[in-house]
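S.K.: Pasting a structure below so you can have a look.
Just so it is clear, none of the values below were taken in a lab; they were calculated from the coordinates. Please read these numbers as outputs of a predicted model, since none were measured by experiment. As a convention, Cβ positions derive from the backbone with ideal geometry for all residues, glycine included, and neighbour counts pool all protein chains shown.
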Amino acid sequence: MYENYSIGGTTKFHIGNVYMKMKFKRFISLFLFCSLGAISALAQVEQKPAANDAAEIAKKLANPIGAMISVPFQNNMDVGIGEFNGSRNTMNFQPIVPFELSEKFNLITRYILPVITQHDITNENTQQSGLADALVSAWISNAKVKNGLVWGLGGAFLIPTATNDMLGSKKFGAGPTAILLKQANGWTYGALVNQVWSVAGSEEGTNVNQIFTQPFVTYNWKSGTGLTVNTELTHYWESSETNAFINIMAGGILKFGKQLIQAQVGPRIQVAATEGNRADFGVRTALIFVFPK
């Protein structure tokens, strides 16, 4: 389970009328069916890790601050956005790198860099693409887990890496972040939260004052196959607006030679949106490259 962070983003599928929208939704259904079929077929063709290994790796991946290097590529495609029926594709590159501080504590770092393409969001027949602002988080976490309880406390830092003015804030930001979760009998459940305020940057930029909360629950079977449901909610204090998605993802552990990969796919359902930014439908896919110790 991984946090999605972006300020804008999309690949364009031009949907000009009801017929095309229905046709596109059929395409999405076929895409999901084929993706899940491909995951199942690859799992049978490629050599799998031992069941216990797969289960342990899936358990660690269900923990956003697990002490294991992983490199996720998470893609979010949203269509039917706003009055211009726009589309947005956000590819989040978000590696997690842990550091051992002592026998009792670890430092877990995560770097989220969104790559965005969007069409017909700001106006009709418009397009923006490029990098959005990066979010870097670091948590001090317990190295020894008792009763399945994991906690992390630290800071989140917004870095204005956007290459297009419409995709970023032009502001540096900072604030606290925390996570608390419990793992037992195949279940992982908990919540992640961060609050970011802008602290420096261009006067022309947009002030940042937002809180992100992400409750999540995952169940992993012994084979390493899992099902995750999470809610990603961002509230903007100055405008009193909220963006919120429910993500439902099915996935499994695959092995290509010596490389372990977790593949995930599922729908994104927008349940709250800032003015003019509600999406009709979304799909999330992810490939997570795993580097266990």
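S.K.: So who's got an amide H within less than 5 Å of the one on T225, skipping anything under 5 residues away but keeping other chains? H placed 1.01 Å off N, in plane.
M.R.: Distant-sequence amide H within range of T225: I253.
S.K.: What are the ³J(HN,Hα) couplings of region 168-178, residue after residue, when phi is run through the Karplus curve with 6.51, -1.76, 1.60 and θ = phi - 60°? Round to Hz, x for glycine and proline.
M.R.: Taking θ as phi minus 60°, the curve returns x, 9, 6, 10, 7, x, 7, x, x, 9, 8 Hz for region 168-178.
S.K.: Please list 3J(HN,Hα) in residue order for region 147-161, calculated via the Karplus relation 6.51 cos²θ - 1.76 cosθ + 1.60 where θ = phi - 60°; whole Hz, with x for glycine and proline.
M.R.: Using θ = phi - 60°, the values come out as 6, x, 8, 10, 9, x, 10, x, x, 10, 10, 8, 10, x, 9 Hz.
S.K.: Pop the C-beta distance of I248 and N147 into the FRET formula with R0 = 30 Å and round what comes out to the nearest 0.05.
M.R.: The formula returns an efficiency of 0.60 here.
S.K.: Along each of its three principal axes, how wide is the spread of alpha-carbon positions in region 101-150, in whole angstrom units, largest first?
M.R.: Principal-axis extents of the Cα atoms in region 101-150, largest first: 56, 21, 10 Å.
S.K.: Expressed in nm², what is the orientationally averaged projection area of the convex hull enclosing the Cα positions of region 18-291?
M.R.: Averaged projected area of region 18-291's Cα convex hull equals 15.2 nm².
S.K.: So, one more: For region 155-195, evaluate the Debye formula with one uniform point scatterer on each Cα (no solvent term) and list log10 I(q)/I(0) at q = 0.14, 0.30 Å⁻¹, rounded to two decimals.
M.R.: Here the Debye-derived log intensity ratios amount to -0.52, -0.96.
S.K.: Right, next: Sort 286-292, 200-206, 156-162 by packing, meaning the average of other beta carbons within 10 Å per residue, with the highest value first.
M.R.: Descending packing order for the listed peptides: 156-162, 286-292, 200-206.
S.K.: Would you mind checking region 261-293 for residues with the amide N under 14 Å from a putative spin-label position 7 Å along Cα→C-beta of D53?
M.R.: Within reach of a label on D53: 261-262, 290-293.
S.K.: Spelling out what I want: for every residue of region 119-134, take phi, set θ = phi - 60°, compute 6.51 cos²θ - 1.76 cosθ + 1.60 (Karplus), and round to whole Hz; glycine and proline get x.
M.R.: Each residue's phi maps through the Karplus curve to give 10, 6, 9, 7, 5, 6, 6, 10, 8, 9, 8, x, 6, 9, 5, 8 Hz.
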